[in-house]
Structures are given as C-alpha cells and as structure tokens.
1. If you go through the stretch 5-18 one residue at a time, how many are over 12 Å from Ile41 (Cβ atoms) and out of contact with any Phe, Trp or Tyr (no Cβ under 9 Å at 6 or more places or on another chain)?
2. If you scan the stretch 50-77, which residues turn out to be over 8 Å from Ala9 (Cα atoms), in a strand (DSSP E or B) and at pLDDT 90 or above?
3. Of all the residues that make up the stretch 2-22, how many are in contact (Cβ under 8 Å) with a residue 12 or more places away in the chain and on the phi > 0 side of the Ramachandran plot?
4. Among the residues of the stretch 33-49, how many are part of a helix (DSSP H, G or I) and either of a type in the set (A, V, I, L, M, F, W, C) or over 13 Å from the mean Cα position of the chain (by Cα) (or both)?
5. Only one of these is farther than 16 Å from Tyr5 by Cβ and either modelled with pLDDT under 95 or small (Gly, Ala, Ser) (or both): Ala30, Ala37, Ala47. Name it.
6. Of everything in the stretch 1-32 that's of a type in the set (D, E, K, R) and not in a loop (DSSP other than H, G, I, E, B), which residue is nearest to Asp56 (Cα to Cα)?
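The values are calculated or read from the model by the stated rules, or taken from the named source; none is laboratory data. This structure is a prediction, so every number in the text was calculated from the model and none was measured. Neighbour counts are summed over all protein chains in view; Cβ atoms, including those assigned to glycine, are modelled from backbone coordinates with ideal geometry.
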Amino acid sequence: MQDEYRFNAFGRLLAVVRTDGRWAVFDLGAEGKRRPANLQIPSALAADELGQYLGDLLHENATPRYSEVVPVAHRRT
C-alpha cells in the first residue's frame, strides 16, 4: 500500500508518495499526468511534517497570490 499526499505549494501542485519507506515527489499536470519533481525529502520525515518541509524548501516561490503550502488531499492506494 502507498500513501499519497497532495499539496498546493505556492501555486505548484505536488504529489508526495511514500513507497518502500521513501518519499517520492511529483509535479502534477492539468491533464492528470505526473513527472518527477526533482525534490528530495528525507525518508525519516513524518507525514505530518511534509507541508512544513515543502514550505521551507520552496518558500522562494511564494507570491502574494500563493503565499503558503496548502494540503489538498490524502489517498491510500
């Protein structure tokens, strides 16, 4: 089973997936396609810390319109 967490990180839609004890991050496209986001998340990071970590990592992308990291969804597949 995999856990997938989705975030709107300063206007960038991301999926963070936990597989085999590791986090993988994907950019989500408008057509439902995903591609690797080239972001690394430490495997020891807990799921409830993902939003804060993404905020610390991507804060330079903040704009007046997109000023925070917002959780969008959590799915278990």
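1. Within the stretch 5-18, residues that are over 12 Å from Ile41 (Cβ atoms) and out of contact with any Phe, Trp or Tyr (no Cβ under 9 Å at 6 or more places or on another chain) number 1.
2. Pro71, Val72 - these are the residues of the stretch 50-77 that are over 8 Å from Ala9 (Cα atoms), in a strand (DSSP E or B) and at pLDDT 90 or above.
3. Within the stretch 2-22, the subset in contact (Cβ under 8 Å) with a residue 12 or more places away in the chain is 2-19, 21-22.
Pick out the ones that are also on the phi > 0 side of the Ramachandran plot and you get 10-11, 21.
Counting residues in the stretch 2-22 that are in contact (Cβ under 8 Å) with a residue 12 or more places away in the chain and on the phi > 0 side of the Ramachandran plot gives 3.
4. The number of residues fulfilling the criteria is 1.
5. Values: Ala37 fails: farther than 16 Å from Tyr5 by Cβ; Ala47 fails: farther than 16 Å from Tyr5 by Cβ.
Selected residue: Ala30, the only one of Ala30, Ala37, Ala47 that is farther than 16 Å from Tyr5 by Cβ and either modelled with pLDDT under 95 or small (Gly, Ala, Ser) (or both).
6. At the first step, the residues of the stretch 1-32 found to be of a type in the set (D, E, K, R) are 3-4, 6, 12, 18, 20, 22, 27, 31.
Those still in the list that are not in a loop (DSSP other than H, G, I, E, B) too: 3-4, 6, 12, 18, 22, 27.
On the way: Asp3: 22, Glu4: 20, Arg6: 16, Arg12: 14, Arg18: 20, Arg22: 19, Asp27: 17 Å.
Ranking the candidates gives Arg12 first.
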